[in-house]
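Have a look at the structure below before the remarks.
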Amino acid sequence: MKYRALGKTGLDVSTIGFGASPLGNEFGGIDPVEGARAVHLAIDQGINFFDVAPYYGRTLAEERLGAALAGKRQHVILATKCGRYDSDAFDFSPARVKKSVEESLRRLRTDYVDLLTAHDIEFGDREQIVRETVPALRELQREGKVRNVGISGLPLKMLADVAMRAQVDTVLSYCRYNLIARDLDIWLTPIAEARQIGLINASPLHMRLLTAAGAPAWHPASETAKRIGSQVVRLCQKHGVDPAALALRFCLMHPYVSCTLVGMSNAGEVERNLLALEMEPDAELLRQIEQMVELVKNSTWRSGRPENSDNAA
């Protein structure tokens with residue numbers, strides 16, 4: 001396993017992070033025993049960063065991860081979130097943040113988390129996030145319940161703005177740096193690097209669009225993006241390359257991102273993801289993919305309040 005400093009937090013995180021949303025059945029039902037086995041194997045193989053949220057499985061992912069980490073908590077860097085609790089249930093108020101942390105700590109069977117992230121902040125009021133939510137996270141940090149604080153979301157311009165104004169430790173971005181999207185490096189990476197903010201990249205498979213199984217029915221990408229994603233998958237298969245492994249390996253080559261989060265729910269997925277660490281990407285194949293995705297490169301979808309959109313005036 002390889003490790004990188006998570007900004008200036010003092011933490012060294014595995015370059016592959018364990019995304020725990022599948023433990024909450026977010027991509028279909030799983031065997032909880034196999035899910036726990038995946039957690040244990042990941043730890044044994046050196047993966048030390050585990051990311052979860054109350055929203056994933058509506059608390060189920062936290063429950064399952066907490067159970068799986070029994071007796072192993074000291075071996076991991078544990079991150080959870082607050083602010084989002086259902087598809088349309090958001091509350092970034094200080095009172096709810098503090099209550100949320102207490103609930104998460106009970107489910108995770110621990111007395112602190114290494115990172116607490118305000119989840120999908122584009123669904124909240126920007127000024128509240130800056131003036132109330134992040135200060136509430138800092139208060140929890142002073143109480144010892146949280147070691148570091150961060151923000152997450154889809155719109156890059158809002159993430160960059162809040163990161164600068166609220167002085168967070170980390171930013172978690174998803175679906176903005178992979179084989180289809182690269183605009184993370186336009187809007188967010190330069191700010192994170194200049195301020196030594198830990199940068200976490202999630203969804204290297206573009207929420208499973210870059211897999212043989214294809215995008216789930218609820219995937220918000222355009223039909224054109226889905227079609228081209230399928231073409232990328234077929235091209236990789238034609239060359240005898242696992243498209244998911246290549247997509248993950250591409251993200252792992254980013255020069256500044258500390259950790260790339262990928263969802264895992266069984267031991268086989270852990271093993272396949274670990275193989276990406278040693279993969280040598282074919283430069284010609286990457287060039288062909290670059291040409292193939294040009295039509296939809298950096299295309300995304302609307303998430304959150306209109307005023308928080310990357311396209312807002």
| task | Specify the residue that is most open to solvent (accessible area, probe 1.4 Å); the eligible residues are those in the range 105-118 that are in contact with a helix residue (DSSP H, G or I) (Cβ under 6 Å, 6 or more places away or on another chain) and within 25 Å of residue 71 (Cβ to Cβ). | result | 109
| query | Within the range 163-201, can you find the residues that are within 13 Å of the chain's Cα centre (by Cα) and surrounded by fewer than 24 Cβ atoms within 10 Å (Cβ to Cβ)? | reply | 174, 175
| remark: Okay, helices (runs of 4 or more DSSP H) sitting entirely in the range 184-256 with 2 or more residues that are in contact with a helix residue (DSSP H, G or I) (Cβ under 6 Å, 6 or more places away or on another chain), I get 223-238, 243-252
| Residue list for the range 59-76, filter: out of contact with any Gly (no Cβ under 9 Å at 6 or more places or on another chain) and either at pLDDT below 95 or buried (at least 17 other Cβ atoms within 10 Å of the Cβ) (or both) | 66, 69, 76
| Among the residues of the range 235-247, is there at least one that is touching a strand residue (DSSP E or B) at 6+ places or on another chain (Cβ under 9 Å), under 18 Å from residue 209 (Cβ atoms) and open to solvent by 10 Å² or more (accessible area, probe 1.4 Å)? | yes
| Residue check, residue 91 open to solvent by 10 Å² or more (accessible area, probe 1.4 Å), without any contact (Cβ under 8 Å) to a residue 12 or more places away in the chain and in contact with a strand residue (DSSP E or B) (Cβ under 8 Å, 6 or more places away or on another chain) | yes
| Say we look at the range 287-313 and pick out the residues that are among the hydrophobic types (A, V, I, L, M, F, W, C) and either open to solvent by 90 Å² or more (accessible area, probe 1.4 Å) or in a loop (DSSP other than H, G, I, E, B) (or both); which of these is farthest from residue 209 (Cα to Cα)? | 313
| remark: Restricted to the range 26-58 and to residues being open to solvent by 60 Å² or more (accessible area, probe 1.4 Å) and assigned to a loop (DSSP other than H, G, I, E, B), the residue nearest to residue 9 (Cα to Cα) is 45
| said: Go through the range 161-213 and report how many residues are touching a Pro at 6+ places or on another chain (Cβ under 9 Å) and small (Gly, Ala, Ser). | reply: 2
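The values are calculated or read from the model by the stated rules, or taken from the named source; none is laboratory data. A quick note: this is a predicted structure, and the numbers were derived from the prediction, not measured. Note: ideal-geometry Cβ built from the backbone for every residue, glycine included; neighbour counts use all protein chains shown. SASA here: full protein model, heavy atoms, side chains in, ligands and nucleic acids out. Shrake-Rupley method; radii C 1.70, N 1.55, O 1.52, S 1.80 Å.
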